[in-house]
Amino acid sequence: MTKITLFANEACPYCQKVIAALKAHNKEYEFVEIPMDRSQRPATEHNGKTYADLFNDNVSIPKMIIENGEQKKFFDSQDMIDHLENE
């Protein structure tokens, strides 16, 4: 089973586009709230790892991890949307 984790903030317009795409494609996903304040993002934790560690110190939002036997990380909202549309 595919597991999707979205690291985002509901106030972020790019995040909203990805959320809309996930919903349009009926994808279940885990939502991890990331602060809008960029200075607070690196220390935000998920499953024992910091946001900075998960994404190699790239603290922009949104980010997405898809796990389906292997792990694929997405750093760009349009790449996320394109992936969902081409699945």
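Each reported figure results from applying straightforward, stated rules to the coordinates on display, with no laboratory input. All of these numbers come straight from a predicted model, not from anything done at the bench. Cβ: placed from backbone, ideal geometry, glycine included. Neighbour counts: every protein chain shown.
What is the extension gain from Glu67 to Met36, computed as 0.36 nm multiplied by their sequence separation minus the C-alpha to C-alpha distance, in nm to one decimal? That pair, Glu67 and Met36, stretches by 8.6 nm at full extension.
Subtracting the Cα-Cα distance of Ala11 and His25 from 0.36 nm times their residue separation leaves 2.9 nm of extension gain. Compactness of the chain was expressed as the Cα radius of gyration divided by 2.2 N^0.38 Å, which yields 1.02.
Below 8 Å, C-alpha to C-alpha, sequence gap of six or more: please give me the relative contact order for the chain in percent.
Across the chain, relative contact order equals 36 percent.
The residues neighbouring Met80, those whose beta-carbon lies less than 12 Å from its own, together hold a net charge of 0 under the Lys/Arg +1, Asp/Glu -1 convention.
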